[in-house]
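The values are calculated or read from the model by the stated rules, or taken from the named source; none is laboratory data. Just so you know, these numbers come straight off a predicted model, no measurement behind them. A quick note on method: Cβ atoms are made from the backbone with ideal geometry, for glycine too, and the neighbour counts reach across all protein chains shown. For accessibility, only protein heavy atoms count, side chains too; no ligands or nucleic acids. Shrake-Rupley method; radii C 1.70, N 1.55, O 1.52, S 1.80 Å.
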Amino acid sequence: MAPVVHMPEPLCLIENINGLLLVNPKALKTLSAIQQPVVVVAIVGLYRTGKSYLMNKLAGKNKGFSVGSTVQSHTKGIWMWCVPHPEKPNHILVLLDTEGLGDIEKGDKKSDTQIFVLALLLSSTFVYNTMNTIDQRAIDLLHYVTELSNLLRTVTSPDLDGEDNAADFMSVCPDLVWTVRDFYLDLEANGRLITADEYLENSLRPKQGTDQHLQNFNLPRLCIQKFFPIKKCFIFDLPTHRKKLAQLETLHNDDLDPEFVQQVADFCSYIFSHSKTKTLSGGIKVNGSHLESLVWTYVNAINNGDLPCMENEVLALAQIKNSAAVRKAIAHYDQQMGQKLQLPTETLQELLDLHRVSEKGAMEVFMKNSFEDIDQGFQEKLETLLEAKQNDFCKRNLEASLNRCSALLQDIFCPLEEDVKQGIYSKPGGHRLFLQKREELKAKYYQVPRKGIQAEEALQKYLQSKESVSDTIWQTDLVLTAREKEMEVARVKAEFMKAEKERLGAILMQHQQMMERRERLHWEQVRQMEIKRLYQQALQQRDQERRLKEEAEKLKERFQAESRKLQDEIQHLQRNDSPDDTCILL
C-alpha cells in the first residue's frame, strides 16, 4: 500500500530569484514520495483576485495558501499543497497556487510569463482566474501563454513535434476552468438568459469573415479552443462587503454572500468530480515521481533560454506563431517530398519540378498559419530553408544516382571482369571480342531505368578506370596475333610442301599407272591381234575347208552325176543291146 501523504501546509515548489527559477528540494522530495496517480489543479490570474482562497477551499481548509489583505501580492513563485483526493481513492490532489500576474512592484512580465507557462504545463486542470468579465486582454494573454506552452512542450519532447493524434492531445492538454470573479454583468445574450458556460463559449466563438482584422480576432479563440478541448466557466459574485474582504480567511459561510458560497461549492464539486489524472503522451498516468521530472524538465528548459519572452506580446506571439508556421511548412515540404520523391530521379528537372510543387504547398501552409509577418522575415527564412532543402536533395540525388549506377555497373560488368581474369580474351582477336562484349553490356546498362543524372558520367568513369585492362588485352592481342601469323605462315608452307609432295607422288603414281595401262593395253592389243590373226587364220582355214568341202561336194556330185550317167548308159545299153554286147561291155 502506498504511503499516506501528509502536508499540513503548502510548500514553495518553484521560486523566482533575480530572473532565475529555483526548485525547492524539500517540495521535490515530497513529490518523489508520492506513488499514487496525481490530479494537478493549478490556478493563474492577476494578483489580489482571490486565487488562494479558492485553492484553500479545494484543500478543504480555510487557511493554507496566503490570502493577502493588502494591495501587495503575497504568493511568490508557485506554491504546492498535496492532499488525498476527496473523491478518487488512491489518488493525490496536487494544488498549485501561483504568483499573481501584473504586480506593479515586481514589474517583470518575464516572470509572469514563466509562472503562467509552468502552471499550464504541470496541470491537468487549469483554472484561469479573471476579474469582472471575459475580455480581449485576458483572451490574448491566455492565447500567448498557450502558444508558449506548446513551444516549450515541443522543445522538451522533440518526438511530439506538435503532431499528437486527437485522442493523445486531449489526454495531455489540461482542462480549462475559467473563473470570473466579482462578476457584475447580467448573464444575458440576444434577449435571453444564458449559462456561464454559454458566456465562455460566446466569448471564444470566432466571427465569420476572411479579412485580416477578423483573422486576428479569430486566431486566439481558435487556438484556445484547440488547446483546451474541455472548457468550463464559473462566475462568482462579490463574497461580502468590500470592507470585510480583508478578513476573508476568518469569515464563516454565514458571513458571506449565500450566492458566493454556493458558487464556491459548485466550483469545488466540479473540480473534484471532473478533474482528470495528469497524463503524459502515450497515456502514461503521472505519479509524484513523474511530476517531479516534469518540474525539472520545464524549469531547466526555461532557465536555458528555450522560452522566448518579449515585452511586446504581439511581437512575441508573432515570433512563436511564425516560427511554428515555418516548422509546419517545412514538415509539409518534408512529407510531400518523402511521399513523392524517389531517389535517384531520372533527370534533374524531375527533382526541381517536385521541389517546386512541394515548395508551393509549404508556402501555402506558412501563409495559412503565419501571424503578423510584417517585414516578411519569417517568409524569407522559410525560403532560405527551402532552398537549403533543395540543395540538399540535389546533393542526395547525385549521391543516390552515383551509388545506384556504381552498384549497377558492378553487377553488369562483373562477368566481363571475371572473364578477363580467367584469360578468356588473352588470345588473338581477343580485343575485338572484348570490345564486342563491352558494347553488349553497355547496351544492357542503358536499358535499366531510373539510374539518375549520374548515369552517363558514372559509366564513362567506370570505362576510363578499365581502360588499362583494354590496353593490356589489345597489346596481348597484337603479340599473339603476330605469333599466330608466323605460325600460320609456317603451317601454310608445311602444308604446301606436303601437298606438293603428295601432288608429285600422285603424278608419279599416275604416270606409273599410265605406263602400266599402256603396257596392259599393248599386250591387250598384241593379244587381240593374235586373236584376230588366229581368227583370220581360222576363217581362212574354215573357208579353205568350205571350199574343199564344196569342191568335194562338187566332185561328189560330178561323180554321182557321172555314176548316174554311166548307169543310165549301162541301162540304156542293156535295153538296146544284146546280151552279148552287154557281156562285152561288162
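Quick notes on this structure:
- Once the stretch 479-488 is narrowed to residues that are open to solvent by less than 100 Å² (accessible area, probe 1.4 Å) and without any contact (Cβ under 8 Å) to a residue 40 or more places away in the chain, the residue that is farthest from TYR425 (Cα to Cα) is GLU488.
- Taking first residues from the stretch 313-325 that are modelled with pLDDT under 80 and partners that are open to solvent by 20 Å² or more (accessible area, probe 1.4 Å) and among the aromatic types (Phe, Trp, Tyr), the Cβ contacts under 6 Å between residues at least 6 apart in sequence or on separate chains come to ALA318/PHE371; LYS321/PHE371.
- The set of residues from the stretch 492-541 being open to solvent by 100 Å² or more (accessible area, probe 1.4 Å) and closer than 30 Å to SER426 by Cβ comprises just one member, LYS493.
- Looking across the stretch 192-215 at every residue that is without any contact (Cβ under 8 Å) to a residue 24 or more places away in the chain and open to solvent by less than 70 Å² (accessible area, probe 1.4 Å), the one that is farthest from the chain's Cα centre (by Cα) is identified as ILE194.
- Failed item in (1) open to solvent by 30 Å² or more (accessible area, probe 1.4 Å); (2) over 15 Å from ALA331 (Cα atoms), with LEU351 passing the rest: (1)
- In the stretch 422-440, residue farthest from LEU478 (Cα to Cα) [restricted to those that are assigned to a helix (DSSP H, G or I) and more than 39 Å from the chain's Cα centre (by Cα)]: GLN436
- Close contacts from the stretch 558-573, counting a first residue that is assigned to a helix (DSSP H, G or I) and a second that is open to solvent by less than 90 Å² (accessible area, probe 1.4 Å), with Cβ to Cβ under 8 Å and a gap of 6+ residues or different chains, come to LEU573/ASP581; LEU573/THR582.
- So GLU105, is it surrounded by fewer than 24 Cβ atoms within 10 Å (Cβ to Cβ), acidic (Asp, Glu) and at pLDDT 90 or above: no
- Of the residues making up the stretch 23-62, those that are open to solvent by 50 Å² or more (accessible area, probe 1.4 Å) and free of Cβ contacts under 8 Å to residues at least 24 places away in the same chain number 4.
- No other residue among PHE65, PHE116 is touching a helix residue (DSSP H, G or I) at 6+ places or on another chain (Cβ under 8 Å), at pLDDT below 95, crowded, with 18+ Cβ neighbours inside 10 Å and outside any loop (DSSP other than H, G, I, E, B) apart from PHE116.
- Count - residues of the stretch 441-456 that are touching a residue at least 24 places away in the same chain (Cβ under 8 Å) and either assigned to a loop (DSSP other than H, G, I, E, B) or under 18 Å from ALA400 (Cα atoms) (or both): 9
- Taken over the stretch 378-407, the criterion of being over 18 Å from the mean Cα position of the chain (by Cα) and touching a residue at least 24 places away in the same chain (Cβ under 8 Å) is satisfied by PHE378, LYS381, LEU382, LEU385, LEU386, LEU402, CYS405, SER406.
- Candidate set from the stretch 9-49 (those that are more than 30 Å from ASP182 (Cβ to Cβ) and among the polar types (S, T, N, Q)); member that is modelled with the lowest pLDDT: ASN18
- Every residue from the stretch 357-388 that is among the aliphatic types (A, V, I, L, M), more than 20 Å from LEU214 (Cβ to Cβ) and surrounded by fewer than 16 Cβ atoms within 10 Å (Cβ to Cβ): VAL357, ALA388
- Taking the criterion of being touching a helix residue (DSSP H, G or I) at 6+ places or on another chain (Cβ under 7 Å), open to solvent by 40 Å² or more (accessible area, probe 1.4 Å) and part of a loop (DSSP other than H, G, I, E, B), the only residue of the stretch 328-344 that qualifies is LEU343.
- Test: residue in the stretch 206-217 that is at positive phi and at pLDDT 80 or above: yes
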